[in-house]
Each structure stands twice: as C-alpha cells, then as structure tokens.
Number of protein chains: 2
Amino acid sequence: VRAGAAGAASERGADEAPPDLGRLSLNQYTTYHWSVAEAVEGCARAGLGWVGLWRDKVAAQGLRDSVRALRETGVHCSSLCRGGMFPAATAAERAARLDDNRRAIDECAELGADTLVLVCGGIHHGGDVAAAREMVWDGIAAIAPDARERGVRLGIEPLHPMFCADRSVVVTLGQANDAADRLNEPFPADDPTVGVVVDAYHVWWDPRAGAEITRAGNRIFAFHVSDWITPLPAVLEGRGMMGDGWIGLREFRRAVDRAGYRGPIECEIFNRELWEQAGDAVLELMKARYLAHV
Amino acid sequence: VRAGAAGAASERGADEAPPDLGRLSLNQYTTYHWSVAEAVEGCARAGLGWVGLWRDKVAAQGLRDSVRALRETGVHCSSLCRGGMFPAATAAERAARLDDNRRAIDECAELGADTLVLVCGGIHHGGDVAAAREMVWDGIAAIAPDARERGVRLGIEPLHPMFCADRSVVVTLGQANDAADRLNEPFPADDPTVGVVVDAYHVWWDPRAGAEITRAGNRIFAFHVSDWITPLPAVLEGRGMMGDGWIGLREFRRAVDRAGYRGPIECEIFNRELWEQAGDAVLELMKARYLAHV
C-alpha cells in the first residue's frame, strides 16, 4: 500500500473487513470491445453480480435489449456513465445538454441503475473556468428534480486535474462535496439526490482526499478503482490494472467503507493494451487483483 | 482570458498594470539545446535581463564559466532549477539528497540567484504518499538554515497532480503554503526563507489557486508561465507557448502582482516541437506572446 487516502487510514473498524467479490463490478469500458450483452454475459460467466454501463454502448445495443440482458442474467447495473457536460457557449446549447441529461436519467431508471455518473464538462467552448463551474452547478440544480422523480441519484465525479480543460472543471472531492451541500438542500439529508463518485485514479494525489471521503459520508454514490502507472502511457487511455501502479487502493477502499459506503466497487480501466486481451481473461485478472489489492 | 486564478480576478489595482518585458525571464529549458552560455547570450541579444538556469546545464558549462557569462552580459539569474527530490528509501540516501541540495544552494549563491526551485520528489522509492510528504518537509527543514546562511531562498514548486507519483508529492499551493507557515517559524516574517513557486501550468486547475496566491503574499519567490494545450501531446514535454492553450495567464499575473510579487516572470516550456526551433526565434515569439497574454 503506497498512496492511500491520506489521513484516513489509521482508524480501526472497517479496516479489517476483507475484500468481497460480491461488491466487484465490471465497468464495461474495461472490456471496451464488448457490447452490453457481451459484458453482461461475461459478468454472469465470471460470477460477478454487477456491471457499469456506458450510454454509447447501451444505444448501440438498444435500451430494451440491454434491460433484457440484465434481467435474463440477474446482473445488476451499478451505474450508468455518463451525464454531465454542462458548460456550453450558448443558452440554447446548454438547454440541449440538460435535455440530454434528462434522457440519461430516464435510461438510468430503465436499466435499474440508481446512480448516473456525471462527468461535468470542461472549457472547450471557450469559457472561463470559474464561469464553467457555475454552469455545472446550475445544470445539476436544473436536472436534480427530474432525477429525484425517477429515483435516480446524480454522482458528481471529480476528474483528475489533467482533464480540467477538456472534460471536467470539477477536479476535487472538496468541490464536489461543496456542491452536494448546496444542491441537496431541497432533499432529505438521509436520502440525498446529489452525491459524489470516488474514483481513486482521479483523486489519489489529493492531500485532502481522506478528509473529503469522510465528509462525503452517505453521499458517496459510487467507488471506482484502477491504478496509476508510470510512465503514464497516455492521458486518456493510460490507466493500469489494480496492483500495477502507485495507488494504495486498499486504503481507499477502507476509507470509503468507513464513510459508510456499502455499494458495488467498479473497476474502470481505459487501457489500449488491456482492450486487446480476451474479455474473459480480463475479468479473471480483475477478480484476482481486486482480491489482492482492493 | 479563460482559466484564471479563480476568485482573485475581480479586484482593482495591479489589474491595470501593463505587462513589462523587464520582468520576462527565459527559463533555459524553453531553449533546451542551448548551453548556459548560449542561453545567456541569447537573452542579451533579445534584450532580456533575466535567465532561469538548470543545474545539469550549469554543470555541463562549468559553474565558473556560467557565472562569467552572466557577469559579462549583465543578465541576471532569476532562479536555479532544481533542488528537492527528498523522499528516498533509506536514511543514507535521504542524507545524500540533503547534501546534494546543499550543493545546489551553493551553486545558487555563486550564480547570484536568490531562489532555488524545489521539485520535492515522488513515491518511486516505494513509499507511502503521506510518508513521502513528511520526508519532504523534514528535508526542507534540514536545509533551510544552510539556505539562510547563503542568502538563498527555497521555493517549493507544487507540480501538477499528474506528476505526484514520479516527481512531486507536493501538488497544491495550499500544501506549499501550509509547509511555508511551519518552516518559516525560525525566520522573520518580513524576510522568509521558505516560499512557493507559482507555475500557472501546474496550478491553473485548482479552484483554490487564487486564494492561495493571495495567502502566499511575500512568500511568492517565483512565477512561471506557459500554457496547457489539448490534446496534451505528452505528460512531461507537452507544455504550450503562452496563448496556445487554455490558461488565463493574465489573470494569474494580476493575482500574483496583487499578492505583492514584483520579481521576474519565467517562461518555462518543455515542448519537443519548440526545442527543434532556432533559439533566437523562440525568444522573439516568447516576447510577443508574453506581451499579448501575460
């Protein structure tokens, strides 16, 4: 264990819980070339009870077929990636993004996933980063009532700061928690609609990660694992399999457990080398590494 | 202006100061293939009064020759890169790193540079990230009296979080300011020995950058500029010329000015394409972009 959730690792309690394969979920981009049906069936073959789906793959499979694949195998959808991308140059374009997020909420509900993962958007429209952040908060506020109505939760995923320009101006758990504080005001404290996605790859460097995981508490809606390998093979597609890099994943899992999270743990790895391997072999490796390192 | 030092841009005052070529400094890695003598002479030809030097280049030139080149041209050394790299697996290796930092302090004094830039080190020795951070603070505390004695200031440079594993576990201005608070206790508040280097490339994504620049105040020892281009061409050598990317450099310069910094502004760009161009042309482009964007 090398780079855990700083400051949160020394307490007792959930520290001692063993990793549990019953919580492991395959985020389907880990087996990028698999369709939704292939990913769901692969999980069933591997004995996994959870799969994280992506909207482009669901669209390619068809929403109805995707729902059927889940129902027939008994595999549950742990989350849907992704909503978000709120900042845009014009009001009309921002409104179109909100409509798209509402469609994502509907898909999430149909798939039986309780969390829509929000990748909030960058500044590629030419905007100021502070203004883009306001567009993000306004966008989440606008769709939160729709999510609530459909029984879907919105998980703000802070991305690694290296994605600040092109993918997400939300780059720390602190920002996401601050936003969740405000955006949950209309909702009961014990049943929040806006929360955070803790992806160890995105937040492991943050000296405040441990404290912000504790603060997030019942607003942790998802937990993603992969590893940070060096030299980084690529900015977007350079994630590593758990155990191949520098993140103290067990410390992260313990910190998230201590904060009260009991849900699935998604393994989400964008890596071109991994994508060339057979999906079933990737799942076996993922299970072994999960047990050893998460 | 797109992504400035959030929250610090709306005040008055230094906002109105025009950019001043008298503050522009060439960090010599921007013209990577130039020796120290070539960089110093290039600055003189371009009418620049400052150059930021690197220890490997000074060693190749020879310290005495480097000092002579500065004296003969009247170009001043704005900072020396780099000290740091404190974390290591054994006490003996950590002590050797301290010795090397003390040599860097001596070189800095010889070159007449008042700031040694600290790139603090990562976790490649196999260490825990929290423990590595403690090694950094212990290391700076150990060399601060030596720096003080030689009239050299230690500038902690938070690196972008994408360098956390291999180059610096110090990744935010908040961390660096916290450390400076503690490490300056032996020294007068109006003449600190430990401070921060604000490099816009490394900190522009941070929602707290503006507040932490204000907090740094008279502990801002250097200010570096370049730009964040997308898609990022490479993790290490993918920086852009000012104006080619997404950082609101003018807002950063104004924020640093408002905090009281009056020193040189170093242009430090690691970029392979730029390195293939003729040095004199790079300096002319740098001057024009500085005036337009910083």
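The values are calculated or read from the model by the stated rules, or taken from the named source; none is laboratory data. Bear in mind that the values here come from a model prediction, so they are computed numbers and not experimental data. With ideal geometry, Cβ positions are generated from the backbone for all residues, glycine too; neighbour counts draw on all protein chains shown. Calculation scope for accessible area: heavy atoms of the full protein, side chains included, ligands and nucleic acids excluded. Shrake-Rupley method; radii C 1.70, N 1.55, O 1.52, S 1.80 Å.
Odds and ends about this structure:
- Among residues of the range A:173-194 that are over 15 Å from A:Asn218 (Cβ atoms), those with a beta-carbon under 8 Å from a residue that is surrounded by fewer than 15 Cβ atoms within 10 Å (Cβ to Cβ) at least six positions away or on a different chain give the pairs A:Pro186/A:Pro145.
- Scanning the range B:61-82 finds one or more residues that are open to solvent by 50 Å² or more (accessible area, probe 1.4 Å), farther than 24 Å from B:Trp204 by Cβ, at pLDDT 95 or above and in contact with a strand residue (DSSP E or B) (Cβ under 6 Å, 6 or more places away or on another chain).
- Unmet requirement for B:Ala147, which otherwise passes all of (1) buried (at least 21 other Cβ atoms within 10 Å of the Cβ); (2) within 17 Å of B:Asp56 (Cβ to Cβ): (2)
- Search result, residues across the range B:238-269 that are within 14 Å of chain A (Cβ to nearest Cβ), assigned to a strand (DSSP E or B) and β-branched (Val, Ile, Thr): none
- Among residues of the range A:212-237 being away from chain B (no Cβ under 14 Å) and part of a strand (DSSP E or B), the one that is farthest from A:Val51 (Cα to Cα) is A:Ile220.
- Sub-7 Å Cβ pairs linking a first residue in the range A:127-156 that is without any contact (Cβ under 8 Å) to a residue 12 or more places away in the chain and within 14 Å of chain B (Cβ to nearest Cβ) to a second residue that is of a type in the set (Lys, Arg) and open to solvent by 40 Å² or more (accessible area, probe 1.4 Å), at least 6 apart or interchain, are A:Asp128/B:Arg2, ordered by first then second residue.
- Residue list for the range B:51-60, filter: open to solvent by less than 10 Å² (accessible area, probe 1.4 Å), free of Cβ contacts under 8 Å to residues at least 60 places away in the same chain and under 30 Å from B:Ile123 (Cβ atoms): B:Val58
- Unmet criterion (only one of (1) touching a residue at least 24 places away in the same chain (Cβ under 8 Å); (2) more than 16 Å from the chain's Cα centre (by Cα); (3) more than 16 Å from B:Ala144 (Cα to Cα)) for B:Leu159: (2)
- When residues of the range A:32-50 are limited to those that are open to solvent by 10 Å² or more (accessible area, probe 1.4 Å) and not in a loop (DSSP other than H, G, I, E, B), the one nearest to A:Gly112 (Cα to Cα): A:Trp50
- Test: residue in the range A:121-143 that is surrounded by fewer than 18 Cβ atoms within 10 Å (Cβ to Cβ), of a type outside the set (Ser, Thr, Tyr), part of a loop (DSSP other than H, G, I, E, B) and touching an Asp or Glu at 6+ places or on another chain (Cβ under 7 Å): yes
- Taking the criterion of being of a type in the set (A, V, I, L, M) and part of a helix (DSSP H, G or I), the residues of the range A:51-82 that qualify are A:Val58, A:Ala59, A:Ala60, A:Leu63, A:Val67, A:Ala69, A:Leu70.
- Filtered residue count, the range B:258-273, keeping only those that are of a type outside the set (Phe, Trp, Tyr) and surrounded by 20 or more Cβ atoms within 10 Å (Cβ to Cβ): 9
- Scanning the range B:150-170 for residues that are open to solvent by 10 Å² or more (accessible area, probe 1.4 Å) and either of a type in the set (Ser, Thr, Tyr) or part of a helix (DSSP H, G or I) (or both) turns up just one, B:Arg150.
- Pairs are defined by a Cβ separation below 7 Å, a sequence spacing of at least 6 or placement on different chains, a first member in the range A:212-239 that is surrounded by fewer than 17 Cβ atoms within 10 Å (Cβ to Cβ), and a second member that is assigned to a strand (DSSP E or B); the pairs so defined are A:Glu237/A:Asn271.
- Qualifying residue in the range A:181-198 (condition: within 13 Å of chain B (Cβ to nearest Cβ), farther than 26 Å from A:Tyr290 by Cα and open to solvent by less than 20 Å² (accessible area, probe 1.4 Å)): no
- Cross-chain or 6+ apart pairs with Cβ under 6 Å, the range A:112-125 first and within 14 Å of another protein chain (Cβ to nearest Cβ) and over 15 Å from A:Asp146 (Cβ atoms), then open to solvent by 10 Å² or more (accessible area, probe 1.4 Å) and among the charged types (D, E, K, R): A:Gly122/A:Asp166; A:Gly122/A:Arg167; A:Ile123/B:Arg2; A:His124/A:Asp166
- All positions within the range B:84-111 that are without any contact (Cβ under 8 Å) to a residue 40 or more places away in the chain and small (Gly, Ala, Ser): B:Ala89, B:Ala91, B:Ala92, B:Ala95, B:Ala96
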